[in-house]
Ligand SMILES: [Zn+2]
């Protein structure tokens, strides 16, 4: 009978991630379920993660697989990605755990208008009074609570609280606060206003270019061919790959920690040595791999239509 306890243990371990996620519903159970079926890593979106210092004035305050970044300045803080409603309390806790004040959140930014990155914006703005700055291509989606989204707008599970945008951004616009300058790069395709953020940090007397990737991914169900709600989607993705390849990323970050292998890097950091987030080669390899994946999906969809 020795096999029995072992089998029971395996079953118990298998049950852990989904049980944890179920304790932390998004806006609604239906929304959580919807998003967890849309791509990989969803199970970990609502699992808390310890906050930590990345480099310069940048801190990680997200969950296991949702990238949220606090950029601390003497004139208040910038926050990128409020994530789901259910993540807002975790983010607040992470900010306070690092010794910063949640009420000092002055500017709220997003990677793109999908609810795993922006559904909690209305709640966070109500709590902090932060000004919301969003790329023009995503403004309508944000302000309609997802109803204007080209892919998920007609799916009730993809909807969330509407939030008013205070500042409409365009490609190349800069957000300046307390001596920090963030540049908004329009990297469309994943959403029409998908934004990759860059900034320079100083560490041990040297400057480093930080890149926070918006998303180069084609979600399950995205139509690249004959997309009636987003006719320019293929040209936009191709433009995005060109832009992403041209960016110099000394420090590689992104909207989801699995873009840049955060857990593996944190494990490596325990051994000491150079900052593990300095990964210019890893950044270029990631973008190249994602471009191949995009072209493969496009070719498959085109072949499917020719059949
Ligand atoms: Zn997305």
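A short reminder: the numbers here are calculations on the coordinates, not readings from a lab. Since the model is a prediction, treat every value here as computed from it, not as a measurement. For neighbour counting, all protein chains shown are included, and Cβ atoms are generated from backbone atoms with ideal geometry for every residue, glycine included.
Only bridges with both residues in the stretch 7-306 count here: give the DSSP antiparallel percent, nearest 5. Please report the intermediate quantities before stating the final value.
Values: 30 of 43 bridges.
In the stretch 7-306, approximately 70 percent of DSSP beta bridges are antiparallel ones.
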If you take the C-alpha gyration tensor of the stretch 164-249, multiply each eigenvalue by 5 and take the square root, what semi-axes do you get, largest first, in whole Å? 29, 16, 9
Going by how many other Cβ atoms sit within 10 Å of their own, how do 198, 180, 105 line up, fewest first? 198, 180, 105
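How would you rank 44, 152, going from fewest to most other Cβ atoms within 10 Å of each one's own Cβ? Numbers along the way, then the final one.
Values: 44 20, 152 23.
Neighbour counts put them in this order, fewest first: 44, 152.
Which order results if 287, 212 are arranged by neighbouring Cβ count within 10 Å, fewest first?
Numbers: 287 23, 212 27.
Ranked by crowding around the Cβ, least crowded first: 287, 212.
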Quick one: of the DSSP bridges fully inside the stretch 76-198, what percent are antiparallel, nearest 5? 45
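For the chain, what does the relative contact order come out to in percent, with C-alpha contacts under 8 Å and a separation of six or more? Numbers along the way, then the final one.
Details: 574 pairs, mean separation 39.5, N = 307.
Here the relative contact order equals 13 percent.
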For the stretch 103-144 and the stretch 162-215, write down the distance between their C-alpha centroids in whole Å. 14
Report the percentage of all Cα-Cα pairs in the stretch 7-306 whose separation exceeds 28 Å, rounded to a whole percent. 35
Helix-derived [θ] at 222 nm for the chain: sum -39500 (n - 2.57) over DSSP H runs of at least 4, divide by residue count, nearest 500? -11500 deg cm²/dmol
Max mean-square fluctuation residue, GNM over the chain, Cα-Cα springs under 10 Å, options 288, 122, 267: 267
Area projected by the alpha carbon convex hull of the stretch 179-307, averaged over all directions, nm²: 9.2
